[in-house]
Amino acid sequence: MGLNSYRIGLIIRIVGLLLVMLTFSFLATQSNWFFSSIIIGLTLIILVIEFFRYSFRYKNDIENLIQSFEENNYQSKIRITKHRSKYKEVEKAFERIQNVVQKVRLEREVQFNFLKILIENVPSGIITLNSENKILNVNQSAKTILSISGSFQWSTLENRYPLFANQVKSNNPVNNELINLTESKDTIQLSYSISTIKLQNDLIKIISFQNIKTVLDQNEMQAWNNLIRTMTHEIMNSVTPIISLAESGLQILSNDRNTENPLKFTEKNLDHLNKSFSSIYNKSLWLKEFVENYRKLIRIPQPTLKDINLADIINSCAHNFLEIFKKENIEVKINPINVIANIDPNLIEQVINNILKNSIDALKKRSNKRIEIIIEENNNRPLIKFIDNGEGIKPENCSKIFIPFFTTKETGSGIGLSLSRQIMRLHAGSLTFESKPSVKTVFTLQFA
């Protein structure tokens with residue numbers, strides 16, 4: 001409404017100005033109308049002044065608004081003077097513009113602060129540089145990983161780690177490259193990536209990196225802790241009853257010495273001693289087998305690689321289980337695709353046999369038992385998938401199944417999957433799984 005009134009007022013003033021100019025031009029040519037010409041001329045001057053005053057009515061207000069945007073000052077309000085009361089809608093429009101811009105600015109500040117906090121708390125080091133290699137931002141993790149305290153300047157990085165600085169200087173993008181940095185006697189192994197983005201006509205470089213040596217050391221320590229915990233549990237399960245049985249046998253012998261006729265055991269005592277020594281013997285055999293399994297785990301021979309058709313080795317292993325499949329009423333489906341892989345057939349047979357045994361055990365309590373074996377290639381890498389509809393792996397056990405000696409079976413050594421994964425790693429491959437309990441479990445062998 002205010003802008004429409006302003007537009008109408010502007011048109012009226014232009015029309016009035018044109019009429020007065022025409023009248024003044026006419027009277028100026030008439031000698032008898034001299035004083036009238038002067039009056040009309042003064043009127044024309046007044047109308048011109050009024051026209052410009054009216055035209056620039058909002059000039060100062062708009063300039064103040066723009067200045068507040070430039071200075072990031074959103075507190076000052078645009079005020080229309082009293083004689084412009086009918087243009088209050090324009091004032092409200094100006095204030096709405098201010099509010100919208102202020103809201104956008106606050107949202108950007110919130111996002112910026114969130115990203116800043118996020119970057120400061122990520123475990124990876126992050127450094128941002130402009131096109132002149134001036135450091136714009138560096139998080140605390142970067143300082144910790146590179147052992148730099150206080151002010152972090154580009155010159156500091158160049159002096160302490162020149163090799164890394166030279167890599168960063170190159171404008172080529174890098175994705176998960178490895179580099180060894182040495183300072184004094186300490187060596188840092190970094191995995192780093194470099195990417196670039198263009199912001200406000202400047203090329204910004206983002207360097208992210210992580211000390212993988214520390215991560216690997218932590219993972220190795222965790223693996224050893226899990227292994228020692230499992231071994232301790234298994235050994236104590238056998239040693240405790242051995243001690244108890246031996247103590248019981250010694251007690252019987254001690255009581256016998258105190259009798260008038262030593263070494264003349266009652267039938268009950270003889271039976272107890274027989275059971276005790278039998279248990280000690282069996283537990284000792286189990287401990288021996290446990291140690292033998294441990295030796296197998298740490299003494300895997302290096303693979304003797306050959307080009308082998310995976311379909312042949314799968315058919316051979318499946319044939320070995322043919323009677324068990326029939327006895328357990330398991331439906332087995334194998335896709336007959338010929339895929340060549342460079343493997344040690346003897347070691348890979350161990351892996352396949354172990355996975356098939358696990359599938360058979362998982363199907364014990366199931367109906368409509370099925371095992372499907374799929375051979376295929378993924379990005380020119382051969383792989384084998386073993387799919388069964390057995391009981392599956394419980395979520396709480398998913399992180400433990402590759403730990404040596406961990407087992408959920410009543411009988412079993414608990415080294416099968418751990419041994420299988422090590423064999424696959426010796427082939428520069430991998431052994432992975434996914435499981436939905438009581439629905440489907442998939443073990444995948446992927447070769448180099």
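The values are calculated or read from the model by the stated rules, or taken from the named source; none is laboratory data. What you see is a predicted model, and the numbers here were worked out from it, not measured in a lab. Reconstructed Cβ throughout: ideal geometry from the backbone, glycine too, with neighbour counts over all protein chains shown.
Summary table below
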quantity	calculated
Residues of region 370-397 classified as under 18 Å from L431 (Cβ atoms) and in contact (Cβ under 8 Å) with a residue 24 or more places away in the chain, total	19
Selected residue [loosely packed, with under 14 Cβ neighbours inside 10 Å and either at pLDDT 80 or above or in a helix (DSSP H, G or I) (or both)] from F69, F34	F34
Filter pass, L347 being assigned by TED's automatic domain parsing to the domain that holds S430 and in contact with a Gly (Cβ under 6 Å, 6 or more places away or on another chain)	no
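Listed here are the residues, each with its yes/no results for (1) in a helix (DSSP H, G or I); (2) touching a helix residue (DSSP H, G or I) at 6+ places or on another chain (Cβ under 8 Å); (3) small (G, A, S); (4) at pLDDT 90 or above.
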{"position": "Q302", "(1), (2), (3), (4)": "no, yes, no, no"}
{"position": "A311", "(1), (2), (3), (4)": "yes, no, yes, yes"}
{"position": "S316", "(1), (2), (3), (4)": "yes, yes, yes, no"}
{"position": "V332", "(1), (2), (3), (4)": "no, yes, no, yes"}
{"position": "I352", "(1), (2), (3), (4)": "yes, yes, no, yes"}
